[in-house]
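The values are calculated or read from the model by the stated rules, or taken from the named source; none is laboratory data. What you are looking at is a predicted structure, and each value in this text was computed from that prediction instead of being measured. For neighbour counting, all protein chains shown are included, and Cβ atoms are generated from backbone atoms with ideal geometry for every residue, glycine included.
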């Protein structure tokens, strides 16, 4: 059937058709929908794991047991899963195993712009890179064949524009892969030195055979051009920009397999053109290879290592006509993302700002706590870093810091990699105050369940980890729960736990205001008789509140009646509109 | 056929994904190659969002660049102005006149520009501006602004009404179909 599919949905379709049986992933933009879409096929067991390392090891276990498996993650997720990655390369697989990693050039929703292709090279694994949804499906299926033929997991590299673009896909039926019963093989699967030493040459030999495969595989395709003045070596979304700009004017070597690279094919292509031009987003990965094999080429001296490319950028760099349009003479105010109206994080960040706390933050919607006017976050690094870093911060500065510094981390991020940092605080004893922002969902990536929510990926009841019990079991005596809509209670809790001469955890608990089951109060309105225009309510950065004609104004279409503004107004100007929302 | 470009711009949460799905379904049904590029994740949280819809015989790039859009469909005036440079010299803007203040305007750090429709027209852009929020409310829900805009856009396309109707049926949940039919008609005939 011919249909429009999101790149990520097409990959999920490929998994389905290839007979994938087990999927375990952690959500991360732009990779999340692969797993969400896979979960719609009843034939595939799908789950959200607590983090990418667990997901990859789960997928490996399923492969070992003889079922085709998959795990998906964003680029920084692969850092978390790098430990199993490098050694699964040694053990190899039983049934096929595919690992999708989605890069985010342009950082639409990420903390860095790293290039995942380096992982393929350093972990010595093959990597396929589709350039549209149809290839997303086809390459996912091809990846299983390669995985089983060469006895290794296969990396499937996505990027934001391929993952989140819909294009035409022709789907097929699900096939059942050949049975691969589990067999005990200590020499292959127990990676202690004596065995690993014997596996390493196998890995090197495998890469040699894969490089040979790359020479003849139709994954790598030379397309002729009308002029041979330049030849373009490219892949993924850059291939699409090149074709958009050049059409069939210049020859193109389009790589669907970006590691290992087909040396002979690239040499022959380079020899057929006057100048080899490498067009690739982020790092000069293909370019480095070309230079290593002694080919002259044009690459990063011309094309930027930063951000996303586009057709105009490629046209400009190739000296071709660039489209342009008109804009207004005056500046257009930016529209940065903001915490939603009714977001439970708002009350907490207001309190931390008011108390002049030093706030070490983490990855999630609440990273927006760093944005004006809340401006209440001073550090965000990676998943879980708030909890580990506050311990180091407090050990470095002592009591003075312990009485004013807090770590803030979401429920899902805490499950992902906050727990080990908390263990360090409990074990090595800093009087740190950790605040878990429990909004009962993984918010930023679009509402995925996690081990604290009590539901699985399909929305069915599942195991539920109790945060209070967990913290107490780790040795925290001071564990308390507050409602961040209640500013007085929240302030009291933060003050008391900062003052305490021992480690403590505050759980700031209130479900995400966007969750469907959350019942909202009617919107508030401003009594303009009472409002004096002091703008106290503007300190919380609520998108529903603005100043109109010198008085506060509530946008009734946005307001969910959370009442945080009401507590800031000394004049009682915010009033309920009554009735039901 | 040369590739045609439609940009859908607005504020995160306004329903642009449904509009792009509708267009994707419609254009695929007409036999075109189609690409639709969306934005997910952090930028969705009340930020400026853009969706690219491209169709033709063979579509390569999933995105639309400066000076390439045949249409900019906008849920909000400031967003139409923000993306103006993406319009082709003879391109058409279809915009709701709704105004949503971004945080820098709310906090007073920036001002919301006045007379945006006139200023955009002064650059030579063709601007079709209408109060889609009022029409959506008239249809029965403020959330139907996206379909009001699609109705208005249909005005510029030489496609049979049944084709739009079929895509609407395919993309909108049955219980909201009547409401969205009204919204579409109100936009089309405005």
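For the stretch B:33-59, give me each residue that is outside any strand (DSSP E or B) and facing chain A (nearest Cβ under 9 Å).
Quick first cut of the stretch B:33-59, residues outside any strand (DSSP E or B) only: B:38-47, B:57-59.
Within the stretch B:33-59, B:38, B:39, B:40, B:41, B:42, B:43, B:44, B:45, B:46, B:47, B:58, B:59 qualify.
When you look at residue A:135, is it surrounded by 15 or more Cβ atoms within 10 Å (Cβ to Cβ) and assigned to a helix (DSSP H, G or I), yes or no?
For residue A:135, the condition - surrounded by 15 or more Cβ atoms within 10 Å (Cβ to Cβ) and assigned to a helix (DSSP H, G or I) - is met.
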Subset of the stretch A:299-331, residues surrounded by 16 or more Cβ atoms within 10 Å (Cβ to Cβ) and in contact (Cβ under 8 Å) with a residue 40 or more places away in the chain, comes to A:308, A:309, A:310, A:311, A:313, A:314, A:315, A:318
Which numbered condition residue B:24 fails, given (1) surrounded by 21 or more Cβ atoms within 10 Å (Cβ to Cβ); (2) at the interface with another protein chain (Cβ under 7 Å from one of its Cβ atoms); (3) farther than 29 Å from residue A:447 by Cα: (3)
Residue under question is residue B:131, and the condition is that it be farther than 24 Å from residue A:166 by Cβ and more than 11 Å from every other protein chain (Cβ to nearest Cβ); does it hold? yes
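Please report, ordered by residue number, the helices (runs of 4 or more DSSP H) entirely within the stretch A:159-262 with at least 3 residues that are surrounded by 13 or more Cβ atoms within 10 Å (Cβ to Cβ) and either away from chain B (no Cβ under 14 Å) or modelled with pLDDT under 95 (or both).
The qualifying helices (runs of 4 or more DSSP H) are A:193-216.
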So which residues in the stretch A:149-158 are within 16 Å of residue A:70 (Cα to Cα) and either surrounded by fewer than 24 Cβ atoms within 10 Å (Cβ to Cβ) or within 11 Å of chain B (Cβ to nearest Cβ) (or both)? A:151
Would a scan of the stretch A:165-183 turn up a residue that is under 21 Å from the mean Cα position of the chain (by Cα) and assigned by TED's automatic domain parsing to the domain that holds residue A:102? yes
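Can you pull out the residues in the stretch B:69-102 that are in a loop (DSSP other than H, G, I, E, B), away from every other protein chain (no Cβ under 11 Å) and closer than 17 Å to residue B:47 by Cα?
Scanning the stretch B:69-102 gives a single hit, B:75.
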Name every residue in the stretch A:309-343 that is more than 7 Å from every other protein chain (Cβ to nearest Cβ), closer than 18 Å to residue A:252 by Cβ and in a loop (DSSP other than H, G, I, E, B), in order of residue number. A:309, A:318, A:319, A:320
Just name the residue that is nearest to residue A:406 (Cα to Cα) out of those in the stretch A:345-383 that are touching a strand residue (DSSP E or B) at 6+ places or on another chain (Cβ under 7 Å), away from chain B (no Cβ under 12 Å) and part of a loop (DSSP other than H, G, I, E, B). A:357
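If you take the residues in the stretch A:86-111 that are in a helix (DSSP H, G or I) and crowded, with 24+ Cβ neighbours inside 10 Å, which one is farthest from the other protein chains (Cβ to nearest Cβ)?
Going through the stretch A:86-111, the residues in a helix (DSSP H, G or I) turn out to be A:86-91.
Remaining after also requiring crowded, with 24+ Cβ neighbours inside 10 Å: A:88, A:91.
On the way: A:88: 28, A:91: 34 Å.
So the residue we want is A:91.
The rows are residues; the columns are (1) assigned to a helix (DSSP H, G or I); (2) crowded, with 24+ Cβ neighbours inside 10 Å.
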site	(1), (2)
A:8	yes, yes
A:20	no, yes
A:30	no, yes
A:57	yes, no
Taking the condition more than 23 Å from residue B:188 (Cβ to Cβ), modelled with pLDDT under 95 and facing another protein chain (nearest Cβ under 10 Å), does residue B:64 pass? no
Kindly evaluate residue A:71 against the criterion of being away from chain B (no Cβ under 14 Å), assigned to a strand (DSSP E or B) and closer than 20 Å to residue A:257 by Cα. yes
Test: residue A:287 is touching a strand residue (DSSP E or B) at 6+ places or on another chain (Cβ under 9 Å), closer than 19 Å to residue A:116 by Cα, in contact (Cβ under 8 Å) with a residue 24 or more places away in the chain and outside the structural domain of residue A:130 (by TED's automatic domain parsing): no
Which ones in the stretch A:528-556 are assigned to a loop (DSSP other than H, G, I, E, B) and over 31 Å from the mean Cα position of the chain (by Cα)? A:528, A:529, A:530, A:531, A:532, A:533, A:534, A:535, A:549, A:550, A:555, A:556
Where residues in the stretch A:508-545 are touching a helix residue (DSSP H, G or I) at 6+ places or on another chain (Cβ under 7 Å) and surrounded by fewer than 20 Cβ atoms within 10 Å (Cβ to Cβ), which of them is nearest to the other protein chains (Cβ to nearest Cβ)? A:539
Counting only helices (runs of 4 or more DSSP H) entirely within the stretch B:103-190, those with at least 3 residues that are in contact (Cβ under 8 Å) with a residue 12 or more places away in the chain and buried (at least 16 other Cβ atoms within 10 Å of the Cβ) are B:116-122, B:132-139, B:145-154, B:161-171, B:177-189
